Amino acid sequence: MRHSRALAQKLSIRLSKRFSDFQLVEINSHSLFSKWFSESGKLVGKMFDDISQMLENDDTFVVVLIGWSNPGICGPH
């Protein structure tokens with residue numbers, strides 16, 4: 001996800017004349033699905049409601065990164 005963050009930062013710089021605000025939301029898909037299938041699914045829904053609210057502002061550039069993290073299989077790159 002490191003490269004994705006770098007790309008998001010580069011986009012925010014290049015688009016800074018068009019957008020006055022930049023929001024980066026990082027979601028670990030393992031946590032997302034763990035929460036989704038448990039009782040805390042409401043928290044996941046709220047997270048996406050919050051993202052939708054960010055998108056209502058035309059001056060805000062929003063990047064949502066959804067990454068998979070499995071430390072047992074993948075090592076640092």
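Read the figures in this text as sums done on the coordinates, not as results from a lab. Owing to the predicted nature of the structure, the values given are computational and were not obtained by experimental measurement. Counting neighbours? That spans all protein chains shown, and the Cβs are built from the backbone with ideal geometry, glycine included.
Summary of values
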quantity: Pair Lys10, Val25: separation of 7 Å Cα→Cβ label points (nm); calculated: 2.4
quantity: Amide proton proximity set for Phe22, modelled H, under 5 Å, gap of 5+; calculated: Phe61
quantity: All aspartates and glutamates inside 20 Å of Lys46 as judged from Cα atoms, apart from same-chain residues fewer than 8 positions distant; calculated: Glu26, Glu56
